[in-house]
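The block underneath contains the structure these notes are about, expressed in structure tokens.
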Amino acid sequence: MEKNKMIKAVIFDLDGVITDSAKYHYKAWKRLADKLGIPFDEEYNEKLKGVSRLESLDLILENGPGKEFYSRDEKIAFAEEKNDYYKELISTMTPADILPGIYRFLEELKANDIKTAIASVSRNAFYIIDRLELNDYFDYIVDASKVKNAKPHPDVFLAAAKAIGVKPEECLAIEDAKAGIMAIKAANMKAVGVGTYEQMQGADIILKGTEELSLSKLV
């Protein structure tokens with residue numbers, strides 16, 4: 001497939017690209033925010049997309065007493081409490097939760113010998129991919145706990161490229177969050193944004209939904 005020669009790998013974000021686990025994150029953060037008496041809604045939740053767990057907590061606390069109000073140990077305990085509830089929610093996930101077009105696109109990549117990886121800040125990425133029964137479709141899943149800097153830093157995407165043996169400039173990466181797009185561009189990769197133009201500014205290609213993903217549109 002000559003025109004795809006320059007794209008040797010496609011790297012995926014997880015939440016909002018492979019599956020809508022973002023809704024479970026929202027429910028879990030909402031429960032914690034309510035417990036702490038901090039205003040939190042879906043609009044404010046947009047600030048958390050693509051951001052690590054502790055950084056997300058800090059953003060929530062800034063909408064209340066402020067992140068300086070709690071000790072690091074307290075914040076770690078809050079983050080673990082949120083994650084425990086989140087894991088309860090995602091334990092019900094099945095392959096039916098894969099977003100539209102993703103399975104077909106993964107089959108297309110496999111047929112064209114294009115490598116694939118997951119680059120997510122989620123420490124539950126392995127568990128979610130297992131629940132979705134997609135293990136055979138990814139050559140590598142980045143362990144977020146071993147990446148020094150979260151998005152918008154490029155670390156997670158660079159780790160994925162290194163693990164699968166592909167140069168960053170030969171990778172295309174897919175995101176649904178502004179921080180993720182910034183991370184992809186910082187990694188010197190081609191960025192595909194899934195969402196609105198306003199949300200995905202900076203992406204090389206913008207698609208309205210995952211059902212639009214195909215090699216013909218991305219190369």
- Message: Within segment 26-41, does at least one residue satisfy the condition of being surrounded by 12 or more Cβ atoms within 10 Å (Cβ to Cβ), under 28 Å from Ala161 (Cα atoms), out of contact with any Pro (no Cβ under 9 Å at 6 or more places or on another chain) and touching a residue at least 24 places away in the same chain (Cβ under 8 Å)?
- Response: no
- Message: What's the total number of residues in segment 2-13 that are modelled with pLDDT under 95 and either surrounded by 16 or more Cβ atoms within 10 Å (Cβ to Cβ) or of a type in the set (S, T, N, Q) (or both)?
- Response: 2
- Filter pass, Asp20 being among the acidic types (Asp, Glu), crowded, with 23+ Cβ neighbours inside 10 Å and under 13 Å from the mean Cα position of the chain (by Cα): no
- Taking segment 200-217 and keeping residues in a loop (DSSP other than H, G, I, E, B) and surrounded by fewer than 17 Cβ atoms within 10 Å (Cβ to Cβ) leaves Gln201, Gly202, Asp204, Lys208, Gly209, Ser214
- Message: Looking at segment 180-187, can you tell me whether even one residue there is out of contact with any strand residue (DSSP E or B) (no Cβ under 9 Å at 6 or more places or on another chain) and either part of a loop (DSSP other than H, G, I, E, B) or buried (at least 23 other Cβ atoms within 10 Å of the Cβ) (or both)?
- Response: no
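The values are calculated or read from the model by the stated rules, or taken from the named source; none is laboratory data. This is a predicted model, so every value here is computed, not measured. We place every Cβ from the backbone using ideal geometry, glycine too, and count neighbours over all the protein chains shown.
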